[in-house]
Every structure is written in C-alpha cells, then in structure tokens.
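**Q** Handing you this structure, nothing more for now.
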Amino acid sequence: MSSLMGFLSDIIAGELDIYVITFTIVLAMIVLLFMSFPMIVPLVVGTLIGLVHFSGVDTGVIIQQMVTGISPSALIAVPMFILAADIMTRGHTAHNLLGLIQAFVGHMRGGLPITACISCTLFGSVSGSTQATVVSVGQIMRPKLLQAGYKDSFVMALIINASDIAFLIPPSIGLILYGTLANTSVGELFIAGIGPGLVLTFLFSAYCYVYSVYQGDLITLVPKTSFTEKLHSIKKALLPLGFPALIVGGIYSGAVTPTEAASFSVLYAIIVECLIYRELGYKDIVDAALSTGLITAVVFILVGTGQAFSWYISFEQIPQELLAPLDLEAASKEYILFIIALSFFVGCMFVDSLVVLVILTPIFVPIVATAGLDPVLVGVMITLQMAIGSATPPFGCDIFTAIAIFQRPYMEVIRGTLPFILILGGMSALLIFVPEISLFLRDLAFNG
C-alpha cells in the first residue's frame, strides 16, 4: 500500500521517472478515449502532460513538431491518391474490374469468391483504401455470393480481409506515411508491397476454392461466359487497368516519382470517368474534392499530433527504457521483426492503424537501423500488420465499415474471420523468414 501511495505521490509531484511518466500519459489517453474523444485529443493531451508536468519544456514545441510532421514533400501524394480513388469509386471502375475477373474465373468451383478476392486486389491498386474497397466490391459481390449459396459470415469475412490487400498494393496510404515517418523511399515501398499482396491473393483464393469444395452441392456455379463476352469484358476493363499500370509502371521504370504518379492518377481518373465513360459530372468532381479535403485534413492533423507525441517520448527516451528488457540490440533480425509485427498487430486491434503507425514507427526506426534491417522490408511488415488489425476484432475499422454497409450485427460480421486472420498471420511468418517475397521486385527495380 505504501509503494502505491509513493507511486501516486510521484505522479502528483511530477517526479521524472520513466514508469511514472508512461503510466500517467497512458492512463490520461485511455480515459479520454473512453470518453469518446477523437484520437487527436489524447495525443495532444498526453504530450502536454509530459511537457508541462514532467519536463518543463516550452509547449510551443508541439506546434513546431506538428509542422515538421506534415512538411515532407512525399505527403503531397496522399491527397492526390485519395482524390483519384474517390473519383474512381464514384464511377464505373469497380464494375468493369469485377466484370473482367468474373468472365474468366466466375464459372469455376469457388469462382465467385475468387472473383471477389482478385477484385479487391485490383481495386486496391486503384483506391489504396481498404474501406473504399469494402464498400465498392462488397456492395457488388455480396448479393451475387449470397445468391450462389455462400454463407453470409463467409462472404463478409472474405470481403473484409481481401480488402486489406489494398494496404499492400500501391498506391497504399499506409506505405506513403511509413516512408515519410521512417525517411524511406516510397517508390521502393510501393514495389516491395506487390509481392506479398499477390501471395496473399493466391492464399485467399486457395482457401475460397477449398471452402467451395467443402460446401459441395450447396454452392451454385454461374454459367461460363463465351469468348465474345470475355473480349467485351477485357475491352471495358482496359481503362481501369491503366490506373495501376500508370503508378507501378511509372515508378518501376523511373519515369515518375510517387508524387508525380499521384498527380497523373487524378488527371487519368477525371479523363476516364468524366470524358470517356461520361459517368461523372462537374458536381461529382467537386464533391470528391470536398471529401478528399476532409479526409486529408484528418490524416494530416493526426500525422502532426503523432509527430509531436513521438518527439516527446523520444526526448524522454521512454521507448529505449521500456524496450530494454527485450534486449533487442543483441537479438536476431527475425526476433526483432517478430517484436515489431506483434507490437503493431496488438496496437491495430484496439486503435486506428494510422494512429499506431504514427506512434510506433519512430520508436522502432532507431532499432531497425542499429540491427541492420532493411527499412523497406520493415515497412511492408508493418503495413501488413495494419491490414490484419483493420479486420481483426475488437475494433478493426473494416469490421465497422462492413456493419454500416451490410447492416448486419457485429458478431455475425466477425464470425468467419478466423481462417483469414490465420492466413494473414502465416503471411507475416513468411515475410520474417523469406523476406525475398517482398524484396525481390524491389531489388529488381532499383538495384537490378
């Protein structure tokens, strides 16, 4: 009892002890979160408590660090990709990509769920957003899968988890933010994310096939399309497929930077949806721009406040003290990757993945550099954990997106997620022990 009272008195007195500081800041942030404040408020309050109560540092450093956080030029790509994705989402892109894939694999055993899985991958290369992919692909494919006899729990779990491949396939907002926080090439991160994204698509598709075989006669196969219908679907999908080709091809060839690719992608989206498809008008573009402005503001404020919080905990050397018992400096690269993956996985289960990225990345960057780990590999690993966390109970953001879109209860939405989470966990292990899955294309593009 006396030790507890001494601990509390240290908090009140502002005694500079790492565990006292950590406990006070974490407790304040948890209380604010339970009071339903947005994550930006706990980050700012936690930083202020540390600066004013424990360190006596001028609070003006918060503004300085917020400006520093949003200053990197690579962040210009974020609103550009968000705007391009919004325009494509409002248009015919998702329908045309789905039509192409279904024309070739829809009639096979497991063809419809495989169509949904591959469509999520392709649409992820257009939108770069898991939630946009859940909405666009889910609204189209869920009725078809239900009509074919698939259980709704399987369907929703498939769409939620396959949409998370968008985190890995460029243009990924998560990869852009990691590259900015860790001072790592966004172009290299984009290329390195393709391999794991494709492997995940294959693993999910294999599970869909096995599940469909197991269900047997309960599943109705769709009719096989004719050669003419296949040609028609290819023709309709050529323009949407130009979007990932512009981004990946341009960066791979060195013709454009990720920021330039983002700018071109907006122009391309407007030309395709407004001038060629004639699906969108001036008002739609204005609405997309306003929506992009709101999303970008939230992301940038989050990045800025996260930078201020990260600066403070680095200033007090809190991460080094708390991680010291793990002895990471003498650990193997595989062990360090495991600790990083576990930290981000657990964090993303409870807090928005971008918040976890902003807070934890600066903590592990020095450790990664000391251990000689490839920061690009680490970035892909972290982004994969963000993807897993987005679909993992209790607070994965894609789960709540699915609840809102499909109008189904929480327990029903998460019922079928376990097999996909196991596959994603297996993918994490593969990246730890076979890093060439991620680095092969990167090395071929930038070091070949």
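No value in this document is a laboratory result; all are computed from the given coordinates. In this text the structure is predicted, and so the values were computed from the model without any measurement. In this analysis, Cβ positions are derived from the backbone assuming ideal geometry, glycine residues included, and neighbour counts consider all displayed protein chains.
**Q** At a temperature of 25 °C and a viscosity of 0.890 mPa s, determine how fast the chain diffuses translationally according to Stokes-Einstein, using the Kirkwood radius over alpha-carbon pairs as Rh; express D in µm²/s, rounded to the nearest whole number.
**A** Diffusion coefficient, whole number: 107 µm²/s.
**Q** Test of understanding: express the Cα radius of gyration of the range 174-221 as a ratio to 2.2 N^0.38 Å, with N the residue count.
**A** 1.84
**Q** Still on this structure, I have one more. By average Cβ neighbour count within 10 Å, what is the ranking of 210-221, 403-414, 335-346 from highest down?
**A** On the way: 210-221: 13.2, 403-414: 14.9, 335-346: 18.8.
Top of the packing list down: 335-346, 403-414, 210-221.
**Q** Would you check the chain for Lys pairs whose C-alpha atoms are within less than 25 Å, ignoring same-chain pairs closer than 8 in sequence, and give me the count?
**A** Numbers: Lys144/Lys224; Lys144/Lys230; Lys144/Lys235; Lys144/Lys236; Lys151/Lys224; Lys224/Lys235; Lys224/Lys236; Lys236/Lys283.
Final tally of qualifying lysine pairs is 8.
**Q** Treating the beta-carbon of each Lys and Arg as +1 and of each Asp and Glu as -1, no other charges, what is the dipole magnitude of the range 219-300 about its Cα centre, to the nearest 20 debye?
**A** Numbers: 6 positive and 6 negative charges, 73 e Å.
Charge dipole of the range 219-300: 340 debye, to the nearest 20.
**Q** Below 8 Å between Cα atoms, with a sequence gap of 6+, how large is the relative contact order for the chain in percent?
**A** Worked out over the chain, it gives 24 percent.
**Q** Also, I was wondering about something else. For the range 136-283, report the % of Cα-Cα distances exceeding 17 Å. Before the final figure, lay out the partial values.
**A** Values: 7884 of 10878 pairs.
Roughly 72 percent, rounded to a whole number.
**Q** So if we plug the beta-carbon distance of His232 and Asn183 into 1/(1 + (r/R0)^6) with R0 = 35 Å, what FRET efficiency do we get, rounded to 0.05?
**A** 0.15
**Q** Then there is this: Relative to the longest principal axis of the chain, what angle (0 to 90°, nearest 10) does the C-alpha long axis of helix 227-244 take?
**A** Here the helix axis deviates by roughly 30 degrees.
**Q** If each residue of separation counts as 0.36 nm, what is the full-extension length gain between Ser71 and Thr220 once their alpha-carbon separation is subtracted? Please report the intermediate quantities before stating the final value.
**A** Details: separation 149, 0.36 × 149 = 53.64 nm, distance 5.37 nm.
Length gained, Ser71 through Thr220: 48.3 nm.
**Q** Viscosity 0.692 mPa s, temperature 37 °C: give me the Stokes-Einstein translational D for the range 197-237 in µm²/s, with Rh taken as the Kirkwood radius over C-alpha pairs.
**A** My calculation gives 260 µm²/s for D.
**Q** Hey, another quick one. Among Val256, Ile62, Ile21, flag the residue with its Cα farthest along the positive direction of the charge dipole of the chain, charges on Cβ as +1 for Lys/Arg and -1 for Asp/Glu.
**A** About the Cα centre, the residue reaching furthest to the positive side is Val256.
**Q** Something else: Positive end of the dipole of the chain, charges at C-beta (+1 Lys, Arg; -1 Asp, Glu), about the Cα centre: which of Met80, Ala445, Pro113 has its Cα farthest in that direction?
**A** Pro113
**Q** I would also like to ask the following. How big, in percent, is the set of alpha carbon pairs in the range 35-185 lying more than 25 Å apart? Mind showing how you got there, number by number?
**A** Details: 5310 of 11325 pairs.
Tail fraction, whole percent: 47.
**Q** Here's a follow-up. How high is the FRET efficiency from Asn447 to Glu334, r the C-beta distance, R0 30 Å, rounded to 0.05? Before the final figure, lay out the partial values.
**A** Details: r = 23 Å, r/R0 = 0.76.
E between Asn447 and Glu334, to the nearest 0.05, is 0.85.
**Q** After finding the eigenvalues of the alpha carbon gyration tensor for the range 311-448, what semi-axes result from the square roots of 5 times each, listed largest first in whole Å?
**A** 29, 20, 13
**Q** Which value, in debye to the nearest 20, gives the size of the charge dipole of the chain about its Cα centre, when Lys and Arg are +1 and Asp and Glu are -1 at the Cβ?
**A** Working: 15 positive and 26 negative charges, 369 e Å.
For the chain, the charge dipole is close to 1780 debye.
**Q** Further question on the same structure: Could you give the dipole magnitude of the range 220-378 about its Cα centre, charging the beta-carbon of Lys and Arg +1 and that of Asp and Glu -1, in debye to the nearest 20? All intermediate terms of the calculation are to be shown ahead of the outcome.
**A** On the way: 7 positive and 13 negative charges, 178 e Å.
Around 860 debye, computed over the range 220-378.
**Q** Putting +1 on Lys and Arg Cβ atoms and -1 on Asp and Glu Cβ atoms, find which of Phe243, Ile295, Thr370 reaches farthest to the positive end of the dipole of the range 231-387.
**A** The residue sitting most towards the positive pole is Phe243.
**Q** Please work out the Kirkwood hydrodynamic radius for the range 18-86, using every pair of different C-alpha atoms, and report it in angstroms with one decimal place.
**A** Its Kirkwood hydrodynamic radius stands at 14.1 Å.
**Q** Quick check: convex hull over the Cα atoms of the range 241-284, volume per residue in Å³, rounded to an integer?
**A** Output value, Cα hull per residue: 66 Å³.
**Q** Per-residue counts of other Cβ atoms within 10 Å, averaged by peptide: what ranking do you get for 368-379, 49-60, 30-41, 92-103, highest first?
**A** Ranking, from highest mean packing down: 92-103, 368-379, 49-60, 30-41.
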